[in-house]
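Below: the structure, in structure tokens.
The values are calculated or read from the model by the stated rules, or taken from the named source; none is laboratory data. Here the structure is a predicted model, which is why all the values come from computation and not from measurement. Here the Cβ is made from the backbone with ideal geometry for all residues, glycine too, and neighbour counts use every protein chain on show.
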Amino acid sequence: MQIHRVVRDLVTTKRLGTLQAKKLKVLVDAKGELDVAVDPIGCKPGDYVISIGYSAARIAAGDPRVTTDLTIGGIIDHWSEEEWRK
Amino acid sequence: MQIHRVVRDLVTTKRLGTLQAKKLKVLVDAKGELDVAVDPIGCKPGDYVISIGYSAARIAAGDPRVTTDLTIGGIIDHWSEEEWRK
Amino acid sequence: MQIHRVVRDLVTTKRLGTLQAKKLKVLVDAKGELDVAVDPIGCKPGDYVISIGYSAARIAAGDPRVTTDLTIGGIIDHWSEEEWRK
Amino acid sequence: MQIHRVVRDLVTTKRLGTLQAKKLKVLVDAKGELDVAVDPIGCKPGDYVISIGYSAARIAAGDPRVTTDLTIGGIIDHWSEEEWRK
Amino acid sequence: MQIHRVVRDLVTTKRLGTLQAKKLKVLVDAKGELDVAVDPIGCKPGDYVISIGYSAARIAAGDPRVTTDLTIGGIIDHWSEEEWRK
């Protein structure tokens with residue numbers, strides 16, 4: 001799994017039915033690269049999270065028919081920007 | 001999922017039957033790298049989209065027998081080149 | 001899917017039975033990195049192709065028991081080195 | 001599989017039920033990039049391990065319903081920082 | 001699939017039962033990055049091989065319950081360091 005920081009919500013009015021009405025979040029990693037994940041937890045911008053990829057992401061979204069390849073799996077208790085960079 | 005901008009249609013007259021007659025689009029990411037995705041939505045060049053990879057791409061294409069590893073999942077409501085680069 | 005140019009055939013006399021007698025091709029991407037794919041189409045060196053990865057590659061090879069993670073999915077009708085680099 | 005060094009435990013009090021109560025470890029690779037894995041073995045910080053990714057990670061976690069994409073598979077008997085860098 | 005050169009055996013006395021007693025090899029790619037694969041063929045250091053990733057790796061290992069994400073698929077008949085670098 002990867003360590004990501006939540007940036008903001010992402011709205012896609014025109015989307016596939018297979019994404020259902022799942023909430024999407026923009027995430028950023030240690031290198032500044034962006035990803036989009038399903039958020040079944042209800043994270044806030046600034047939260048450091050672990051994100052789950054590949055086939056496990058579908059199961060983590062609560063229904064393996066949800067067509068996501070990245071899902072937030074948990075909020076990290078203690079993490080800081082410095083720990084990320086070292 | 002990744003954030004991509006739609007570049008153009010891609011035509012492959014000689015192709016596998018397992019891709020069926022699915023429309024293909026060339027996508028570009030924040031680094032300028034190209035990918036090819038099935039487009040079940042009907043995007044236009046310039047649209048910013050989320051793309052779904054791996055096994056979820058097959059389900060997102062509308063039929064898990066479609067042999068794609070990347071499928072467009074939705075059009076992003078508000079996105080700009082600047083947001084991508086920051 | 002990725003855009004690759006076909007480089008040459010690859011021969012592996014000593015190989016797993018699960019690859020069956022599938023033809024293999026060396027492919028190169030826009031960065032000059034090499035990959036090896038099953039070729040169910042019969043491409044020639046210099047062809048620009050789309051390649052299908054992950055679990056979809058096994059289905060695209062014509063039999064999901066074929067242990068490939070990359071399979072050529074089609075020949076691109078119109079592509080040039082310049083389009084790749086821009 | 002990849003070669004990783006174990007950095008420390010990772011605590012996520014608020015997490016998905018599909019991760020069960022599995023222990024998580026922060027891992028670092030040869031380039032200094034961080035990953036998070038399920039640890040079914042009980043590794044200590046400083047151990048060099050092999051990590052298993054993708055769908056195999058779920059099976060390696062002891063239950064394919066565990067939504068991990070990376071699981072520690074074993075502790076390497078003989079490895080050093082130098083061997084990693086050469 | 002990727003082109004790798006075999007570096008050496010890897011011993012993990014403490015390992016998951018799901019890796020069974022499969023032989024592991026350290027592999028290096030064209031960039032000098034290391035990976036670990038199951039070796040069902042019996043390769044020697046210096047052999048150039050094709051390696052199979054993702055879900056296909058489990059099938060290639062001879063039993064889909066083997067929790068590997070990379071398995072050696074064959075020894076390349078004609079390959080040289082120069083061909084790799086060009």
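Some points to look at:
- Whether a residue is assigned to a strand (DSSP E or B), modelled with pLDDT of 95 or more and among the β-branched types (Val, Ile, Thr) was assessed, and residue B:71 passes this test.
- Single residue of segment B:1-54 satisfying the filter (small (Gly, Ala, Ser) and under 19 Å from residue C:3 (Cα atoms)) that is surrounded by the most Cβ atoms within 10 Å (Cβ to Cβ): B:37
- Residues that are within 7 Å of chain B (Cβ to nearest Cβ) and out of contact with any Asp or Glu (no Cβ under 6 Å at 6 or more places or on another chain) within segment A:9-32 comprise A:10, A:12, A:14, A:15, A:16, A:18, A:19, listed in sequence order.
- Against the numbered list (1) under 9 Å from the mean Cα position of the chain (by Cα); (2) under 14 Å from residue D:84 (Cα atoms), residue E:10 comes up short only at (1).
- When residue E:64 is tested against the conditions (1) in contact (Cβ under 8 Å) with a residue 60 or more places away in the chain; (2) part of a loop (DSSP other than H, G, I, E, B), the lone failure is (1).
- Residues of segment C:35-65 classified as more than 7 Å from every other protein chain (Cβ to nearest Cβ) and farther than 19 Å from residue C:20 by Cβ, total: 6
- Of all residues in segment C:1-35, those being without any contact (Cβ under 8 Å) to a residue 24 or more places away in the chain and not hydroxyl-bearing (Ser, Thr, Tyr) number 12.
- Among the residues of segment E:66-77, those identified as within 7 Å of another protein chain (Cβ to nearest Cβ) and either within 23 Å of residue C:11 (Cα to Cα) or surrounded by fewer than 24 Cβ atoms within 10 Å (Cβ to Cβ) (or both) are E:70, E:73, E:74, E:75, E:76, E:77.
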